[in-house]
Every structure is written in C-alpha cells, then in structure tokens.
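Reviewing the structure listed below.
Values in this text are rule-based calculations from the coordinates and carry no lab data. This structure is a prediction, so every number in the text was calculated from the model and none was measured. Cβ sites come from the backbone with ideal geometry, for glycine too, and all protein chains shown count toward neighbours.
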Amino acid sequence: MKNFPKKIKINQYIHLELMSFDHKNQYFDSIHKDIHDNDYFRLRLKKKYPEIIKIYLLLKHVINNKFSQNGSPDYFIFYKYELVGMFEFHPIIKSVNFLEIGYWLYKDFRRKGILSSIIPVMIEFAKSYFDKIKVLATTSINNSASQKLLKKMNFMKTNRILEFTDKNTGVVSKEFEYFYFLKNIKV
C-alpha cells in the first residue's frame, strides 16, 4: 500500500484530507446540518446515514477494505475548513491501464471554482502515485456543469454512454465517459 499524503493543500481556501476515522463527526455534521430542499445529494446522504454509527461503518469500509485492498485513496474536500465534498480514485487494478476519478460537492459549494482548482493538482497526484496511462471520469448526461468542467480540464469525451442501475431503487442512470492521458502515447 502506498503512503499517500494525509493532507493536500490546493490554495489558501481549499485542501483535501485523506479519509480517516477522525472525520466521522465532521462528515456526519456536514450531512445533517440544515440544508435546502433542493440539495438532493445531501438529502440522499442524510437518509442513507441517519446515525453516526453508519458513518463509522462507511469509513471503516473505505479505510480498511477499499483502501487497503486496491490502494485507491478517498479524500474529503475542505473549503475554508468546512467539509464540502469528496474526491476519490477507484479502482486501482493492476491489469488495466487506467484509473477512475469521482468527485462531488454539496450544492452550496458548487460553481465556486473548487473542483477547477482541485482537478489539475489531482491529475499531477495521479501521475506521481499511479503507473497508469489514463484517467477516466463519468458524469450524468444531465449534468452539464460537470461536463463543462471536464472539458475545461482537457478531458476528452468518448463515444460511450454508460448505464448504471441502482440496485436499491432500480433506477437507470446514463453517463458520459471522459478520459485524460497521464502519459504520452507513442503511436
């Protein structure tokens, strides 16, 4: 298992912290604070993690299972020292030449340039820590803001539309796939 930095400073307002059990109260509080009715992502998290023990179990899974088994780190995003989202790499599989990134922010923190600041730093992070050729990212076909962000970050759109079925609800979501080369490819 690689020794990833516990904290990554992006700028004076933004930093990332490697997920740990120390975050359980802060993460729980960030989910359960008063929120707008249209912050659907946070509302889903609030329903999924109604008790702090469920946050503890989630962190236990990430730290003891996902991280130690495939070496893919998850980071909490902090804006002005408030936990506002997450950035993750997954999965790190030796037999494939790519890794995937995922990210999310609570609604109140979108369109503030947070992810635009983070993604270039984390691309350099990926170049330093992973021996992969490219990074993949997917975004809902309805999420034009995330599509614009990936294009701005020089990700290229593939011709694939991926479909995912939520095993709990049966709802099918469709996502565009994007990629970014970490290494120069010789043709």
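Quick notes
- Cα centroids of the stretch 1-66 and the stretch 139-187: 23 Å apart.
- Grouping the Cα pair distances of the stretch 7-181 into 10 Å bins from zero gives a pair-distance distribution of 9, 34, 42, 15, 0 percent in increasing distance order.
- Under the span-like rule (Cα at least 18 Å along the axis, Kyte-Doolittle mean at least 1.0), DSSP H helices of the chain: 114-129
- Value at 222 nm in deg cm²/dmol, rounded to 500, when DSSP H runs of n ≥ 4 in the chain each add -39,500 (n - 2.57): -8500 deg cm²/dmol
- Nearest-0.05 FRET efficiency for SER20 and LYS48, computed from C-beta distance (R0 25 Å): 0.80
- Count Lys and Arg as plus one, Asp and Glu as minus one, and take only other residues whose Cβ is under 9 Å from that of ALA145; the net charge is then +3.
- Reachable lysines, given that their alpha-carbon falls under 22 Å from the alpha-carbon of LYS54 and they are not under 8 places away in the same chain: LYS24, LYS33, LYS46, LYS66, LYS167
- Estimated at 0.36 nm per residue, the fully extended path between PHE164 and ASP39 surpasses their Cα-Cα distance by 42.8 nm.
- Inter-label distance for MET156 and LYS9, nm, one decimal - labels placed 7 Å from Cα along Cα-to-Cβ: 3.6 nm
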